[in-house]
1. Among all stretches of the chain without exposed GluC sites (Glu not before Pro) (DSSP loop, at most 15 other Cβ atoms within 10 Å), which one is longest?
2. With each label point set 7 Å from Cα along the Cα-Cβ vector, what nm distance links His130 and Val250?
3. Calculate what fraction, in whole %, of the accessible area of the chain sits on carbon and sulfur atoms when a 1.4 Å probe is rolled over the protein chains.
4. Across all directions of projection, what mean area in square nanometres is found for the Cα convex hull of the chain?
5. Relative contact order of segment 118-251, please, whole-number percent, based on alpha carbon pairs below 8 angstrom and at least 6 residues apart.
6. What accessible area per residue, rounded to a whole number of Å², is obtained for segment 100-251 using a probe radius of 1.4 Å?
7. Mind checking the full-extension length gain between Ala116 and Lys24? Use 0.36 nm per residue of separation minus the Cα-Cα distance, one decimal, nm.
8. What list of ³J(HN,Hα) couplings, whole Hz, do you get for segment 71-88 from phi and the Karplus terms 6.51, -1.76, 1.60, once you set θ to phi - 60° and write x for glycine and proline?
Amino acid sequence: MAEVRSSENVPAIQVERLHKYFGKNEVLKGIDFHVDPGEVVCVIGPSGSGKSTLLRCVNRLEEPTDGRIFVEGIDITDPETDLDGVRARIGIVFQQFNLFPHLTVLRNLTLAQQRAKRRSKSEAVDIARHNLEKVGLADREGAYPAHLSGGQQQRVAIARALSMDPDMMLFDEPTSALDPELVGDVLGVMRKLADEGMTMMIVTHEMGFAREVGDRVVFMDGGVVVEQGPPDDVLSNPQHARTQVFLSKVL
Ligand code: ADP
Ligand code: MG
(Lines give C-alpha, C1' and ligand atoms only; values in the text may rest on other atoms or scores of the structure.)
(Ligands and ions follow the chains in the order given, each with its own letter.)
Protein backbone atom coordinates (compact mmCIF):
# COMPACT_ATOMS: atom_id res chain seq x y z
CA MET A 1 0.00 0.00 0.00
CA ALA A 2 1.11 3.52 -0.70
CA GLU A 3 1.82 5.57 2.37
CA VAL A 4 -1.07 7.89 3.12
CA ARG A 5 -0.39 10.59 5.63
CA SER A 6 -3.12 11.97 7.85
CA SER A 7 -5.65 13.71 5.67
CA GLU A 8 -5.98 16.73 7.92
CA ASN A 9 -3.60 19.65 7.62
CA VAL A 10 -1.41 17.95 5.07
CA PRO A 11 0.18 20.10 2.39
CA ALA A 12 -1.48 20.07 -1.01
CA ILE A 13 1.96 19.32 -2.45
CA GLN A 14 4.99 18.09 -0.53
CA VAL A 15 8.24 17.43 -2.36
CA GLU A 16 11.10 15.86 -0.39
CA ARG A 17 14.73 15.64 -1.55
CA LEU A 18 13.68 15.38 -5.17
CA HIS A 19 16.41 14.52 -7.64
CA LYS A 20 15.87 14.30 -11.37
CA TYR A 21 18.41 13.26 -13.95
CA PHE A 22 18.05 13.39 -17.70
CA GLY A 23 20.80 10.95 -18.63
CA LYS A 24 23.83 12.15 -16.73
CA ASN A 25 22.46 15.65 -16.39
CA GLU A 26 21.17 16.26 -12.87
CA VAL A 27 18.56 18.99 -13.31
CA LEU A 28 16.92 18.78 -9.87
CA LYS A 29 19.47 18.45 -7.08
CA GLY A 30 17.52 17.66 -3.96
CA ILE A 31 14.46 19.89 -3.98
CA ASP A 32 12.33 20.38 -0.87
CA PHE A 33 9.17 22.22 -1.75
CA HIS A 34 5.61 22.45 -0.57
CA VAL A 35 2.34 24.18 -1.27
CA ASP A 36 -0.25 24.45 1.49
CA PRO A 37 -3.96 24.20 0.81
CA GLY A 38 -5.23 27.54 -0.45
CA GLU A 39 -1.72 28.87 -0.93
CA VAL A 40 -0.47 30.59 -4.09
CA VAL A 41 3.20 29.80 -4.64
CA CYS A 42 5.06 31.49 -7.49
CA VAL A 43 8.21 29.77 -8.73
CA ILE A 44 10.73 32.04 -10.42
CA GLY A 45 14.24 31.57 -11.74
CA PRO A 46 16.38 31.62 -14.86
CA SER A 47 15.68 29.51 -17.92
CA GLY A 48 17.00 25.99 -17.44
CA SER A 49 16.90 26.08 -13.65
CA GLY A 50 14.47 23.17 -13.45
CA LYS A 51 11.15 24.94 -12.81
CA SER A 52 9.19 23.05 -15.45
CA THR A 53 10.77 19.75 -14.49
CA LEU A 54 9.72 20.29 -10.87
CA LEU A 55 6.18 21.14 -11.89
CA ARG A 56 5.98 18.16 -14.23
CA CYS A 57 7.24 15.80 -11.52
CA VAL A 58 4.32 16.82 -9.30
CA ASN A 59 1.93 14.76 -11.39
CA ARG A 60 4.60 12.49 -12.78
CA LEU A 61 4.65 13.78 -16.29
CA GLU A 62 8.34 13.32 -15.48
CA GLU A 63 9.57 10.39 -13.41
CA PRO A 64 11.50 11.51 -10.35
CA THR A 65 14.90 9.83 -10.09
CA ASP A 66 14.96 9.98 -6.30
CA GLY A 67 13.01 11.57 -3.50
CA ARG A 68 9.35 11.58 -2.65
CA ILE A 69 6.34 13.59 -3.70
CA PHE A 70 3.07 13.68 -1.80
CA VAL A 71 -0.13 15.11 -3.24
CA GLU A 72 -2.67 15.70 -0.49
CA GLY A 73 -0.79 13.18 1.61
CA ILE A 74 -0.64 10.48 -1.05
CA ASP A 75 2.82 9.31 -2.10
CA ILE A 76 2.74 9.55 -5.88
CA THR A 77 6.23 8.07 -6.18
CA ASP A 78 4.89 4.80 -4.78
CA PRO A 79 4.26 2.33 -7.63
CA GLU A 80 1.06 1.19 -5.91
CA THR A 81 -0.52 4.63 -6.08
CA ASP A 82 -3.44 5.14 -8.44
CA LEU A 83 -1.85 7.86 -10.55
CA ASP A 84 -4.99 8.62 -12.52
CA GLY A 85 -6.86 9.27 -9.30
CA VAL A 86 -4.22 11.72 -8.11
CA ARG A 87 -3.89 13.40 -11.50
CA ALA A 88 -7.62 14.05 -11.53
CA ARG A 89 -7.14 16.38 -8.56
CA ILE A 90 -4.56 18.50 -10.37
CA GLY A 91 -5.35 20.95 -13.15
CA ILE A 92 -2.41 21.96 -15.33
CA VAL A 93 -2.05 24.87 -17.71
CA PHE A 94 1.02 25.13 -19.93
CA GLN A 95 2.60 27.89 -21.95
CA GLN A 96 1.10 26.35 -25.08
CA PHE A 97 -2.63 26.13 -24.77
CA ASN A 98 -3.02 22.58 -26.09
CA LEU A 99 -6.64 22.95 -27.12
CA PHE A 100 -8.07 20.50 -29.63
CA PRO A 101 -8.08 22.58 -32.83
CA HIS A 102 -10.89 20.63 -34.51
CA LEU A 103 -13.30 21.05 -31.59
CA THR A 104 -15.32 24.07 -30.54
CA VAL A 105 -14.57 25.80 -27.26
CA LEU A 106 -17.57 24.12 -25.64
CA ARG A 107 -16.56 20.66 -26.85
CA ASN A 108 -13.00 21.27 -25.65
CA LEU A 109 -14.51 21.76 -22.20
CA THR A 110 -17.01 18.90 -22.21
CA LEU A 111 -14.98 16.07 -23.76
CA ALA A 112 -12.84 15.11 -20.76
CA GLN A 113 -15.71 15.69 -18.36
CA GLN A 114 -17.81 13.14 -20.19
CA ARG A 115 -14.99 10.65 -20.68
CA ALA A 116 -13.01 10.88 -17.44
CA LYS A 117 -15.69 12.16 -15.05
CA ARG A 118 -18.49 10.20 -16.73
CA ARG A 119 -20.74 13.24 -16.66
CA SER A 120 -23.83 13.41 -18.82
CA LYS A 121 -23.64 15.77 -21.76
CA SER A 122 -26.05 18.27 -20.21
CA GLU A 123 -24.20 18.31 -16.89
CA ALA A 124 -20.87 18.76 -18.69
CA VAL A 125 -22.29 21.61 -20.74
CA ASP A 126 -23.63 23.35 -17.62
CA ILE A 127 -20.27 23.11 -15.90
CA ALA A 128 -18.45 24.22 -19.05
CA ARG A 129 -20.66 27.29 -19.40
CA HIS A 130 -20.17 28.18 -15.75
CA ASN A 131 -16.41 28.11 -16.24
CA LEU A 132 -16.47 29.98 -19.54
CA GLU A 133 -18.42 32.68 -17.75
CA LYS A 134 -15.78 32.74 -15.06
CA VAL A 135 -12.96 33.36 -17.57
CA GLY A 136 -15.01 35.94 -19.46
CA LEU A 137 -15.68 33.89 -22.58
CA ALA A 138 -19.34 32.95 -22.25
CA ASP A 139 -20.01 34.35 -25.71
CA ARG A 140 -17.35 32.25 -27.49
CA GLU A 141 -18.50 28.70 -26.79
CA GLY A 142 -19.14 27.96 -30.46
CA ALA A 143 -15.80 29.27 -31.70
CA TYR A 144 -12.88 27.15 -32.83
CA PRO A 145 -9.53 27.78 -31.15
CA ALA A 146 -7.95 29.21 -34.30
CA HIS A 147 -10.49 32.02 -34.23
CA LEU A 148 -9.53 33.09 -30.74
CA SER A 149 -6.61 35.23 -29.62
CA GLY A 150 -3.82 33.54 -27.68
CA GLY A 151 -5.12 35.11 -24.48
CA GLN A 152 -8.61 33.79 -25.13
CA GLN A 153 -7.23 30.33 -25.91
CA GLN A 154 -5.32 30.32 -22.66
CA ARG A 155 -8.45 31.33 -20.75
CA VAL A 156 -10.29 28.46 -22.44
CA ALA A 157 -7.48 26.14 -21.31
CA ILE A 158 -7.94 27.39 -17.75
CA ALA A 159 -11.72 26.92 -17.96
CA ARG A 160 -11.18 23.41 -19.31
CA ALA A 161 -8.94 22.53 -16.37
CA LEU A 162 -11.42 24.02 -13.90
CA SER A 163 -14.25 21.97 -15.40
CA MET A 164 -12.58 18.86 -14.00
CA ASP A 165 -12.99 20.22 -10.44
CA PRO A 166 -9.32 20.11 -9.49
CA ASP A 167 -8.21 20.63 -5.91
CA MET A 168 -5.20 22.58 -7.15
CA MET A 169 -3.94 24.25 -10.31
CA LEU A 170 -0.39 24.18 -11.68
CA PHE A 171 0.63 26.81 -14.21
CA ASP A 172 3.83 26.68 -16.26
CA GLU A 173 4.51 30.14 -17.68
CA PRO A 174 0.91 30.56 -18.76
CA THR A 175 1.47 34.00 -20.25
CA SER A 176 4.92 33.59 -21.81
CA ALA A 177 3.60 32.82 -25.29
CA LEU A 178 1.19 35.76 -25.35
CA ASP A 179 1.43 39.16 -26.92
CA PRO A 180 1.93 41.69 -24.12
CA GLU A 181 -1.53 43.23 -24.46
CA LEU A 182 -3.15 39.83 -23.87
CA VAL A 183 -1.27 38.96 -20.69
CA GLY A 184 -3.43 41.04 -18.36
CA ASP A 185 -6.68 39.16 -19.03
CA VAL A 186 -5.09 35.81 -18.27
CA LEU A 187 -3.45 37.11 -15.10
CA GLY A 188 -6.81 38.60 -14.13
CA VAL A 189 -8.43 35.17 -14.31
CA MET A 190 -5.62 33.69 -12.24
CA ARG A 191 -5.96 36.47 -9.69
CA LYS A 192 -9.67 35.70 -9.40
CA LEU A 193 -8.91 32.03 -8.80
CA ALA A 194 -6.46 33.00 -6.09
CA ASP A 195 -9.07 35.22 -4.46
CA GLU A 196 -11.48 32.30 -4.45
CA GLY A 197 -8.95 30.27 -2.49
CA MET A 198 -7.66 27.94 -5.21
CA THR A 199 -4.38 26.24 -4.34
CA MET A 200 -1.89 27.24 -7.03
CA MET A 201 1.71 26.60 -8.07
CA ILE A 202 2.66 29.11 -10.74
CA VAL A 203 5.92 29.20 -12.68
CA THR A 204 6.08 32.72 -13.99
CA HIS A 205 8.24 35.60 -15.13
CA GLU A 206 5.51 38.08 -14.18
CA MET A 207 7.15 39.62 -11.14
CA GLY A 208 4.34 42.13 -10.55
CA PHE A 209 1.83 39.31 -10.42
CA ALA A 210 4.05 37.23 -8.12
CA ARG A 211 4.37 40.18 -5.76
CA GLU A 212 0.67 41.03 -5.67
CA VAL A 213 -0.97 37.62 -5.84
CA GLY A 214 1.64 35.20 -4.51
CA ASP A 215 1.60 34.16 -0.87
CA ARG A 216 5.15 32.92 -1.28
CA VAL A 217 7.85 33.20 -3.92
CA VAL A 218 10.33 30.38 -4.51
CA PHE A 219 13.53 31.22 -6.38
CA MET A 220 15.22 28.32 -8.17
CA ASP A 221 18.60 28.29 -9.84
CA GLY A 222 20.70 25.38 -11.10
CA GLY A 223 18.28 22.73 -9.87
CA VAL A 224 18.03 23.91 -6.27
CA VAL A 225 15.72 26.17 -4.31
CA VAL A 226 18.01 29.07 -3.50
CA GLU A 227 15.59 31.03 -1.35
CA GLN A 228 11.91 31.47 -0.67
CA GLY A 229 9.62 33.61 1.40
CA PRO A 230 6.97 36.31 1.25
CA PRO A 231 7.08 38.07 -2.14
CA ASP A 232 8.13 41.40 -0.72
CA ASP A 233 11.09 39.81 1.06
CA VAL A 234 12.33 37.72 -1.85
CA LEU A 235 11.69 40.31 -4.56
CA SER A 236 12.69 43.48 -2.71
CA ASN A 237 15.26 42.20 -0.28
CA PRO A 238 16.80 39.01 -1.67
CA GLN A 239 19.36 37.40 0.61
CA HIS A 240 21.34 35.47 -1.96
CA ALA A 241 23.61 36.84 -4.66
CA ARG A 242 22.09 34.53 -7.28
CA THR A 243 18.62 35.91 -6.52
CA GLN A 244 19.94 39.45 -6.70
CA VAL A 245 21.57 38.83 -10.07
CA PHE A 246 18.42 37.23 -11.48
CA LEU A 247 16.14 40.00 -10.23
CA SER A 248 18.45 42.70 -11.53
CA LYS A 249 17.89 41.27 -14.99
CA VAL A 250 14.12 40.85 -14.86
CA LEU A 251 12.83 43.68 -12.67
P1 ADP B 1 13.09 25.78 -16.71
O2 ADP B 1 11.65 25.42 -16.78
O3 ADP B 1 13.49 26.39 -15.41
O4 ADP B 1 13.53 26.63 -17.87
P5 ADP B 1 13.53 22.98 -17.31
O6 ADP B 1 12.97 22.23 -16.16
O7 ADP B 1 12.71 23.06 -18.54
O8 ADP B 1 13.94 24.44 -16.81
O9 ADP B 1 14.92 22.36 -17.72
C10 ADP B 1 15.95 22.12 -16.77
C11 ADP B 1 17.06 21.40 -17.48
O12 ADP B 1 16.61 20.11 -17.84
C13 ADP B 1 17.54 22.06 -18.74
O14 ADP B 1 18.93 21.92 -18.81
C15 ADP B 1 16.87 21.25 -19.83
O16 ADP B 1 17.64 21.26 -21.00
C17 ADP B 1 16.81 19.88 -19.22
N18 ADP B 1 15.66 19.11 -19.71
C19 ADP B 1 14.36 19.41 -19.53
N20 ADP B 1 13.56 18.49 -20.07
C21 ADP B 1 14.38 17.56 -20.63
C22 ADP B 1 14.16 16.32 -21.33
N23 ADP B 1 12.93 15.86 -21.58
N24 ADP B 1 15.25 15.64 -21.74
C25 ADP B 1 16.50 16.07 -21.47
N26 ADP B 1 16.78 17.22 -20.80
C27 ADP B 1 15.74 17.96 -20.39
MG1 MG C 1 10.15 26.00 -18.07
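The values are calculated or read from the model by the stated rules, or taken from the named source; none is laboratory data. Being a predicted model, the structure only gives us computed values, none of them experimental. Here Cβ is always computed from backbone atoms with ideal geometry, including for glycine, and neighbour counts include all displayed protein chains. Just so you know, the surface numbers come from the protein's heavy atoms only, side chains and all, with ligands and any DNA or RNA stripped out. Shrake-Rupley method; radii C 1.70, N 1.55, O 1.52, S 1.80 Å.
1. 81-195
2. Modelled inter-label distance: 3.5 nm.
3. After summing per-atom areas, the C and S share lands at 46 percent.
4. 14.1
5. Worked out over segment 118-251, it gives 17 percent.
6. 45
7. 29.4 nm
8. 10, 6, x, 9, 6, 7, 8, 7, x, 7, 5, 6, 4, 4, x, 6, 4, 5
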